[in-house]
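Please read the structure below before turning to the comments.
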Amino acid sequence: MNTPDIVQRGGRVLPVVVNDRESEARTPANRLYRIPDAARDPFTPCPPAPFMRAGEHDLTRLAPGRPQASGEAIAITGRILDEDLRPVRRTLVEVWGANAHGRYSHVIDAGRNDAPLDPNFYGFGRLVTDDDGRYQLRTIKPGAYIARTDIGWWRPPHVHFSVVGSGVRLVTQMYFPDEPLNEKDFIFLIVPAADRDRVIGQPAATHAGDRAFRFDIVIRGRFQTPPDLD
Amino acid sequence: MASEDLKARFTPEATIGPFYPGAFLTHLPQDLWTVAPLVAHHPQGQPIVLVARFFDSLKRPVPSLVVELWQANAHGRYRHPQDQSAAPLDPQFDGFARVRTSDEGVLRFYTIKPGAHPVRRESAEVRAPHLRLTIFASGIDRLITQLFFDDESSNQSDPVLQSIPDPRVRGRLIARRRRTSGGGEGVGEYEIDVVLRGEDETPFFDDWDG
């Protein structure tokens, strides 16, 4: 143990988002430690099965039959795949985003954002992928909002995605195509240029009358191998 | 080229940002000792509470930081399809929780002390009892680390803990047992400071391929 070999094969140094005070204060400065190969096991967090049921794929209404939220209803569909491009089946996908005015239904956004809440939009939902790793959701296209008034930093419209299941864990943000704010957003720009198309939803055929975007997710990690759950 | 098309291009990770929905916390277990309100069942093993304080580079507490905890049961068995261990499962223990730090940057996590276990079924190397943390917060992408207990002699041979060469850095992953327990009678209380950046920075791990 403690071989120089392990030390030299260190992990990544995580990048800091420019002009982001929280990123500057919270991103570890030291190189990550690689877990020694001999100690690697396939056990990554696995939410218990009883919690893996969720049918909250329509964010545009608080409940079926309630009024639709303001703004443009959109569909987002895609597949979740592992690094061997196998489907990530029956895994929990959590999504959240701002309303059409660029306001989150979150107490932290209450003191800093003059944009109105929408009484018909909470902006979060949960769903589970099918046996082909497919998901689909309906939401409102989020508005842009200003993140730092002092430097005029706007966040472009984006939807947050979280994928958690037996063997996979990813949190990312989906951006929209043809948004001029994308190229000025420090959080978007920290993505290497060659990978930026991976976080932009692609226009797709309309879905039940809604403008639709395709957002496929490929999850990295040699030990993030999704097994069959049953 | 077809082979290039087939090669996976990974989706980049991003921060959860400041507006992570609180409902995502309450939808998943937050307390692994209490099975459900007013239920008499409890998992097997020694009940413990972990008190973890999270700090940034300026030693300020980090509020609204989300931690996903994952651990073996008291017998060292994970409730995971790939755990081939002969150790028993515990009907009352799933081992997954999602919790959030308070406005003071403090996390109180009620669970049972996990058992030691071999790395894999035939493996000679033994993992000391530990908690696996996946950490999210505004300003950072996913961070992972593992926390150990200061009253476990198996720490001396744990292959993950001992892969950190500097003993002072290693010590930052070891929670200290408090002499007087504030967690209730019979509950072992452990405390640790997790420093995301700066002096006394906690070691974090990389689970990507090299």
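Cβ-Cβ below 9 Å, separation at least six or inter-chain, first residue in the stretch B:117-132 and within 16 Å of B:LEU161 (Cα to Cα) and within 10 Å of chain A (Cβ to nearest Cβ), second of a type in the set (Phe, Trp, Tyr) and not in a loop (DSSP other than H, G, I, E, B): which pairs?
B:ARG132/B:TRP70
Do you know which residues across the stretch A:74-90 are surrounded by fewer than 19 Cβ atoms within 10 Å (Cβ to Cβ), under 26 Å from A:PHE121 (Cα atoms) and out of contact with any Gly (no Cβ under 7 Å at 6 or more places or on another chain)? Walk me through it before giving the result.
Within the stretch A:74-90, the first condition is being surrounded by fewer than 19 Cβ atoms within 10 Å (Cβ to Cβ), and the residues that meet it are A:77, A:79, A:83-87.
Filter once more, so that each one left must be under 26 Å from A:PHE121 (Cα atoms): A:77, A:79.
The answer is A:THR77, and nothing else.
Given (1) buried (at least 20 other Cβ atoms within 10 Å of the Cβ); (2) touching a residue at least 40 places away in the same chain (Cβ under 8 Å), identify the lone condition not met by B:PHE148.
Condition not satisfied by B:PHE148: (2).
So which residues in the stretch B:54-105 are of a type in the set (A, V, I, L, M, F, W, C), part of a loop (DSSP other than H, G, I, E, B) and within 12 Å of chain A (Cβ to nearest Cβ)?
B:LEU58, B:VAL62, B:LEU65, B:ALA72, B:LEU89, B:PHE93
Working carefully through the options B:ARG108, B:ARG100, B:ARG132, find the one that is touching a helix residue (DSSP H, G or I) at 6+ places or on another chain (Cβ under 7 Å) and under 30 Å from B:VAL39 (Cβ atoms).
After ruling out the rest, the residue left standing is B:ARG100.
Is it fair to say B:THR145 is within 21 Å of A:ASP41 (Cα to Cα) and part of a strand (DSSP E or B)?
yes
I'd like the full set of residues that are of a type outside the set (D, E, K, R), outside any loop (DSSP other than H, G, I, E, B) and within 16 Å of the chain's Cα centre (by Cα), limited to the stretch B:128-142.
B:HIS130, B:LEU131, B:LEU133, B:THR134, B:ILE135, B:PHE136, B:ALA137
Scan the stretch A:121-140 for residues that are in contact (Cβ under 8 Å) with a residue 60 or more places away in the chain, more than 15 Å from the chain's Cα centre (by Cα) and in a loop (DSSP other than H, G, I, E, B) and jot them down.
Listed by number, the residues that qualify are A:PHE121, A:TYR122.
If you go through the stretch A:197-229 one residue at a time, how many are modelled with pLDDT of 95 or more, in a loop (DSSP other than H, G, I, E, B) and in contact with a Phe, Trp or Tyr (Cβ under 9 Å, 6 or more places away or on another chain)?
2
Based on what the data block shows, is B:LEU89 in contact with a Leu (Cβ under 9 Å, 6 or more places away or on another chain), of a type in the set (A, V, I, L, M) and under 28 Å from A:ARG40 (Cβ atoms)? Please lay out each step first, then the result.
Working: in contact with a Leu (Cβ under 9 Å, 6 or more places away or on another chain): no; of a type in the set (A, V, I, L, M): yes; under 28 Å from A:ARG40 (Cβ atoms): yes.
Criteria not met by B:LEU89.
Checking the structure you have, find out if any residue of the stretch B:119-127 is loosely packed, with under 15 Cβ neighbours inside 10 Å and assigned to a strand (DSSP E or B).
yes
Filter the helices (runs of 4 or more DSSP H) completely within the stretch A:1-114 down to those with at least 3 residues that are at pLDDT below 95 and more than 7 Å from chain B (Cβ to nearest Cβ).
A:4-8
Provide a single number: the residues in the stretch B:47-93 that are under 25 Å from B:THR180 (Cβ atoms) and surrounded by fewer than 22 Cβ atoms within 10 Å (Cβ to Cβ).
6
Among the residues of the stretch A:147-192, write down those that are more than 10 Å from every other protein chain (Cβ to nearest Cβ), without any contact (Cβ under 8 Å) to a residue 24 or more places away in the chain and among the β-branched types (Val, Ile, Thr).
Within the stretch A:147-192, A:THR149 is the sole residue that qualifies.
Considering B:GLU189, B:GLU185, which residue is more than 11 Å from chain A (Cβ to nearest Cβ), among the acidic types (Asp, Glu) and buried (at least 19 other Cβ atoms within 10 Å of the Cβ)?
Criteria check complete, one pass: B:GLU189.
The values are calculated or read from the model by the stated rules, or taken from the named source; none is laboratory data. The shown structure was predicted, so the numbers you read here are calculated from the model rather than taken from an experiment. All Cβ positions, glycine included, derive from the backbone under ideal geometry; neighbour counts span all protein chains shown.
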